[in-house]
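The block underneath contains the structure these notes are about, expressed in structure tokens.
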Amino acid sequence: MLRAVPGFRRPLTLLAGAALIAPLALTGAPSASAADGYTVTSLEFTVEAGDRSCTVDADLYRPAGVDARHPAPAVLATNGFGGSKSDGSTDVIGRSFAGRGYVSLVYSGLGFGGSGCLITLDDPAIDGEAASGLVDFLAGTRAADDGTKADYVTSDAPGDPVVGMIGGSYGGAIQLATASADHRVDALVPLITWNDLAYSLAPNATGASRGVSSDTPGVFKWQWTNGFYLMGEGQPLLVPSLDPSRFGSLGCLHFAAKACDTIRLLNSGRYPAAATEEMLTYARSVSPASYLTGVTAPTLLVQGQADSLFNLNEATATYRALEAQGTTTQMIWQAWGHSGGSGPGELDLGTGNLETSYVGQRVLAWFDRYLHHDEGASTGPEFAYYRDWESGYGTAAAVPGLSRTMYLSGDGALVDSRSEVTRGSRQYTNWLLPTSHSESSLAGLTGLPDPAPYDTEGTYLGWTSAPLTGPVDVVGAPKATLKVVSPKTERVQGSGDAADKLVLFAKVYDVAPDGTQKLVNRLVAPVRVPDVTRPFTVELPGIVHRYEAGHRLRFVIAGSDTAYFGNRGIKPVTVVSAPQDTGVLELPVIG
């Protein structure tokens, strides 16, 4: 769901930013900004991107006094999905860094704003290649279409400019796509972006073979996915006089054909093996999960806790992959993401509060270290997380591991030892229509109210702990190991169509003493069970949350969720518990 959030999320078009600064009116000639100490020039570039030539619409922010004898490092940025170079936050990136002495080049991503060509989902071979052409401009080795050249960017070597990238969501993945093939990029700050689009659009919280990626197709996140799809296909309504290169075919107006094929397959509700494998291969080919091995630039990952589109697990997968291969990386879990959320002192690029926010200060230090080559610049801890129960951020040397284990008792209790488990079995049955609700993902766009999360009796199972004797601080992704019985699923799960496998949704509530319950950031773990005859482990979305003394934890598995496609047909589920054979919930508890 989209709630009131800081202005940086406005580039996504869907997101309602607060206190946005109106973009500059640019006409192509330099516009002086004496008070801020820089000029702004609109430029166009014709770049090769895959098998097409694409026009890229950009704005160049040049600080006063920067010239060939007094060069400065550069910052490159682009918009979120559906936005352009003129979005409040994208424009503010250009102005904020130009005001700090950086040469800033911000541009509209391919298929958006005034830029041409199809929407190709930050494909490194297309969007990444286009961005690399802009790095050539910053290197002084190519000119803009009007002949403008940049011979005033600091260089590490001839043709190798000192350049960093920053941006969020769609403007975050492009950084990794660009840096994977163009090692001239010196530093990255991707905010609230994805690791694997197959997981983002149809997550499966079990059976991950690498990072968040599972070999079993996940559960279609239909609200988010169709919202972005309609936004892309509706470009003529949003942008008049489109560049002809932005049109594809009648059946797929503005996306790459494979992107439309993916949406159609997901909406069909059927996942035959061959088509599904092709879908997964394509989605991962345009995802950092497939090309992170090429990323060597120091990377500061910033991900939002309130984010049901790209959750904390995605950033964690990227972080661990970069760390394992020796790429310098650090990670911050801020409060806000695509689903809203904010906190005192949080970064808001819509207002450019870099110096006064924790994340902003970290970004400035990151660029000081890797663009200004200031060896004395402290880039901060390896891992930091916003916490709403104490002032400021918590820090750690790594993401906390699982440290508290609880057990699912047959009487519906969530207990601390196997000896407390009561033997018993319990059953739920899904309906043909969704009976559980986590969020309305696009409520912020439509302006419609979003009901509180709920589960309908008989269509879910829950296990509830005793009241906590003290606060419990969870930082990270809980895990649950489960075994279910579903004879109807067992008969059809080998059909060759993954849609015949069992779907369920796992989640953890915070239950107050008065019985009211909170689903932290409205996050759930969608699961398509690979084989109901075998135990499976569910990795729930990462959270940062304090369960206060007197509160109780409630672990729930439900048969449906309104934000996702569910089971095909009615599939009753039974869970059996015994002291030595029961489900387990593990929590990453700190302190």
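Nothing in this text is a laboratory measurement; each read-out follows from the coordinates by a stated rule. Keep in mind that what you see is a predicted model, and the values were worked out from it rather than measured. Glycine gets a Cβ as well: all are built from the backbone with ideal geometry, and neighbour counts include every protein chain shown.
Of note:
- Counting neighbouring beta carbons within 10 Å and listing from fewest to most, the residues HIS70, HIS373 come out as HIS70, HIS373.
- For the cross-link pairs LYS221/LYS258; LYS483/LYS507; LYS258/LYS507; LYS258/LYS488; LYS85/LYS149; LYS221/LYS479, the ones whose C-alpha atoms lie over 26 Å apart are LYS258/LYS507; LYS258/LYS488.
- Fraction of the pair-distance distribution of the range 421-569 above 24 Å, Cα-Cα pairs, percent: 36
- Taking SER268, SER287, SER86 and counting other C-beta atoms within 10 Å, the order from fewest to most: SER268, SER86, SER287
- Along the chain, counting only trypsin sites (Lys or Arg not before Pro) with a DSSP assignment other than H, G, I, E or B and at most 12 other Cβ atoms inside a 10 Å radius, the longest segment between sites is 150-591.
- With kT/(6 pi eta Rh) evaluated at 20 °C and eta = 1.002 mPa s, and Rh the Kirkwood radius from Cα pairs, the range 123-247 diffuses with a coefficient of 125 µm²/s according to Stokes-Einstein.
- 12 Å beta-carbon shell around ASN195, net charge (K/R +1, D/E -1): +1
- Cα centroid separation, the range 497-568 to the range 157-173 (Å): 37
- Neighbour net charge for ASP411 - beta-carbon separation under 13 angstrom, K R +1, D E -1: +1
- Backbone phi angles across the range 577-591, fed through the Karplus curve with coefficients 6.51, -1.76 and 1.60 (θ = phi - 60°), yield HN-Hα couplings of 10, 8, x, 9, 8, 8, x, 10, 10, 10, 10, x, 9, 10, x Hz in residue order; Gly and Pro are listed as x.
- Scattering curve values for the range 204-331, log₁₀ I(q)/I(0), Debye with Cα scatterers, q = 0.15, 0.16 Å⁻¹: -0.89, -0.98
- Sorted largest first, the principal axis extents computed over the alpha-carbon atoms of the range 303-407 equal 52, 34, 26 Å.
- Between ALA202 and LYS221, the built amide H atoms are under 5 Å apart, and every one of these is 5 or more places off in sequence or on another chain.
- The alpha carbons of the range 378-499 give a radius of gyration and a Dmax of 20.0, 59 Å, in that order.
- 3J(HN,Hα) along the range 467-476: x, 6, 7, x, x, 10, 9, 9, 10, x Hz, from the Karplus curve 6.51 cos²θ - 1.76 cosθ + 1.60 with θ = phi - 60°, whole Hz, x for Gly and Pro.
- Rounded to whole Å, sorted largest first: equivalent-ellipsoid semi-axes of the chain, Cα gyration tensor: 43, 26, 20
- In order along the range 175-182, the Karplus-derived 3J(HN,Hα) couplings, from 6.51 cos²θ - 1.76 cosθ + 1.60 at θ = phi - 60°, round to 5, 5, 4, 5, 5, 5, 10, 10 Hz, and Gly and Pro are given as x.
- Beta bridges by DSSP in the chain, antiparallel share as percent, to the nearest 5: 75
- Separation between Cα centres of the range 319-335 and the range 406-482, rounded to whole Å: 30
- Rounded to the nearest 500, the 222 nm mean residue ellipticity of the chain from helices alone is -6000 deg cm²/dmol, with -39,500 (n - 2.57) taken per DSSP H run of at least 4 residues.
- Neighbourhood charge, 9 Å Cβ-Cβ cut-off, centred on VAL472 and excluding it, Lys, Arg +1 and Asp, Glu -1: 0
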